[in-house]
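The values are calculated or read from the model by the stated rules, or taken from the named source; none is laboratory data. This one's a predicted model, so the numbers in the text were calculated from it and none came from an experiment. Here Cβ is always computed from backbone atoms with ideal geometry, including for glycine, and neighbour counts include all displayed protein chains.
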Amino acid sequence: MISRPIKEGFRGVGRHWGMALSSAIAVTITLTIISIFLIFSWHLRIFTKSIEYSMKIAVIVDDKYENSSAEEKIRSQIEKIEGVKNVDFSSKEEEFQYYLDQYDDESMREVMAPFGDENPMNDAFYVEVQDGDMIEVISSQIREIDGVSKVDYGGQTTVDVVSAMETIRRVGAIFVAALSLLAIFLIQNTIKLTISARQDEITIMRNVGAANGFIRAPFVWEGMIIGFLGSVIPIALTVWGYMALYNRTQGIVFSALFNLEKPIPFSLYVAGILAVIGIVVGFIGSWLSVTKYLRWKR
């Protein structure tokens, strides 16, 4: 017949491994979500930047200032504005031709062509900015320049889209941080059970003068191992899943504006980040748990 202390010991071990498994599963779920977020966030950032780079400010020159000296002065003032990357000039003839090219119907082009003799268009400058976030500020400064009739940068909708994408990234980061804290909490509880089961050993080590670092080390290593084991499945899913997605889509999602990064080395970078996060989460959770216990036992 099994004695009561032995039964309690088996129960303690069972609870410990049960908590260890729960912690590893929590890390696995957390890192899987983090992996999805990292991949999505990185490509969202690239897509956002491509939109920002494609955003140009159209500066329409007033009729009275359509001469070389006045337009050169306008260009010079625009180029001096902080955040302006490049300024291109487009004559009224080029503007009218661009307008005609928007019609695919040849008969419509023929109808509109005679208006070129009395060209209703204006000379224009197209301003490229260094950062899409600055486009509104730069536009307002350009409006103050003498000789500028109108300034257009594609409307507020484009700016709102870029802003919305940035908000999605921030909310996702907060969600991932919350899950990471949950994983740390579960690892803390796992290490607490380990400490509880090995209190006698810890007491003996302290009585013979063992330093806190020596006592802490095995528990910290256990937490790091739990964190690493929790990262194995997310790493495998990330590498295999991303390669499968890339091969299925040929690297293009929705349109040519949204291109996927090549699987190698991108998926390996993400895998490395997941492994590091898993180990760090395990380290923090175990360190906090052991440190709290050692302080309490002083």
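Beta carbons closer than 9 Å, at least 6 apart along the sequence or on distinct chains, pair a first residue in segment 260-283 that is touching a residue at least 24 places away in the same chain (Cβ under 8 Å) with a second that is in a loop (DSSP other than H, G, I, E, B) and acidic (Asp, Glu) for Ser267/Glu261.
Considering segment 105-139 alone, what residues qualify as being modelled with pLDDT of 75 or more and of a type in the set (Asp, Glu)? Show your work before the answer.
Step one: list which residues in segment 105-139 are modelled with pLDDT of 75 or more, which gives 121-130, 134-139.
Asp123, Glu128, Glu136 - these are the residues of segment 105-139 that are modelled with pLDDT of 75 or more and of a type in the set (Asp, Glu).
Looking only at residues in segment 59-72 that are surrounded by 15 or more Cβ atoms within 10 Å (Cβ to Cβ) and at pLDDT 85 or above, the one that is nearest to Glu261 (Cα to Cα) is Val59.
Results for (1) among the β-branched types (Val, Ile, Thr); (2) outside any helix (DSSP H, G or I); (3) closer than 30 Å to Arg295 by Cα; (4) at pLDDT 80 or above, shown as yes or no for each residue.
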site	(1), (2), (3), (4)
Lys192	no, no, yes, no
Ile202	yes, no, yes, no
Gly230	no, no, yes, yes
Tyr246	no, no, no, yes
Leu257	no, yes, no, no
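Applying the selection to segment 140-164, what residues are surrounded by 14 or more Cβ atoms within 10 Å (Cβ to Cβ), at pLDDT 85 or above and part of a helix (DSSP H, G or I)? Gln141, Ile142, listed by residue number. Determine whether Ala217 is modelled with pLDDT of 75 or more and within 18 Å of Thr32 (Cα to Cα). So Ala217 fails the test.
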